[in-house]
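Where a number appears in this text, it was derived from the coordinates with a stated rule and is not lab data. No experiment lies behind these values; they were computed from the predicted model shown. All Cβ positions, glycine included, derive from the backbone under ideal geometry; neighbour counts span all protein chains shown.
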Amino acid sequence: MSKYIAIAGRKGGVGKSSCALGLAAHWLREGKSVVLVDLDPQGSASLAVSAEASGEGLRAALAGEAAASAQQIEGIENLYVLAGGPAVVDCEAPIPLRTIMEGWTPDYVLIDCPPGHPHLDRLAIEAADIVLACSESHRLAIAGAARVLQDAKEMPHTPTCALVLGRMDARRGLDAAAPELLAGAFGVPVLQVRQDSLLAQALNSGQLPPAHGRAAEDFAQIAQWIK
């Protein structure tokens with residue numbers, strides 16, 4: 001059965017798209033099939049893999065106007081994208097994601113959520129087996145992740161949740177202390193993605209995150225936790 005994973009965080013710039021792409025790259029290297037659902041009106045994850053990023057196809061599927069159709073990414077075997085873009089915000093009463101993807105059987109469905117659109121977050125969380133609430137170790141980002149975790153707790157099916165702290169650097173005092181403090185505060189596992197120039201370089205050049213480096217090791221650990 002496909003495993004649906006929502007990657008959310010109400011604040012922008014906390015590493016949601018990086019996490020989605022890092023996990024996708026990890027599983028693709030293992031020979032798994034991945035569908036990336038990009039609910040972000042900015043279409044960042046879609047653009048990172050050179051997918052068309054208007055959001056029109058995804059909006060039409062969520063509105064019931066057309067069947068969902070994923071773009072197969074040229075040169076990246078087993079990666080399919082339901083691309084995001086500005087149009088996704090125009091669907092006010094969307095059909096559930098599992099409904100529009102009925103009959104699809106990828107190993108993993110990664111749902112990249114936007115900042116500042118709680119209704120799209122909830123659409124993802126309703127579909128999710130697992131919710132990764134992305135944050136950094138500062139107050140505003142943590143507050144946004146807390147709202148995501150609260151939404152997940154209110155779902156009838158209660159998805160499994162974890163907090164993912166991005167751009168971590170243990171040399172910073174707050175980063176060193178944050179995992180233990182937040183695990184106690186939220187009662188969920190706290191996972192980390194360390195700051196890594198190799199990850200930034202890959203995404204800036206339109207490539208999937210590499211198989212080596214600190215971030216690659218951390219995405220592998222997150223993938224293992226998901227299993």
Quick one: which residue in LEU79, LEU39 is touching a His at 6+ places or on another chain (Cβ under 8 Å) and not β-branched (Val, Ile, Thr)? LEU39
For region 191-203, state whether one or more residues are closer than 23 Å to TYR80 by Cα, more than 17 Å from the chain's Cα centre (by Cα), without any contact (Cβ under 8 Å) to a residue 24 or more places away in the chain and not in a loop (DSSP other than H, G, I, E, B). yes
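A quick yes/no check of all residues on (1) surrounded by 20 or more Cβ atoms within 10 Å (Cβ to Cβ); (2) touching a His at 6+ places or on another chain (Cβ under 6 Å); (3) outside any helix (DSSP H, G or I); (4) not small (Gly, Ala, Ser):
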residue	(1), (2), (3), (4)
LEU132	yes, no, yes, yes
SER137	yes, no, yes, no
ALA143	no, no, no, no
ARG147	no, no, no, yes
HIS157	no, no, yes, yes
Can you tell me which of ILE95, ILE130, ILE100, ILE125 is among the β-branched types (Val, Ile, Thr), in contact with a Ser or Thr (Cβ under 6 Å, 6 or more places away or on another chain) and farther than 13 Å from ASP40 by Cα? ILE130
For region 1-107, give me every one of the helices (runs of 4 or more DSSP H) that falls completely inside it and has 2 or more residues that are touching a residue at least 24 places away in the same chain (Cβ under 8 Å) and basic (Lys, Arg). 16-29
Any residue at all in region 162-172 that's on the phi > 0 side of the Ramachandran plot, surrounded by fewer than 13 Cβ atoms within 10 Å (Cβ to Cβ) and either in contact (Cβ under 8 Å) with a residue 24 or more places away in the chain or outside any strand (DSSP E or B) (or both)? no
Within region 210-227, the count of residues that are aliphatic (A, V, I, L, M), part of a helix (DSSP H, G or I) and either more than 18 Å from THR160 (Cβ to Cβ) or touching an Asp or Glu at 6+ places or on another chain (Cβ under 8 Å) (or both) comes to 3
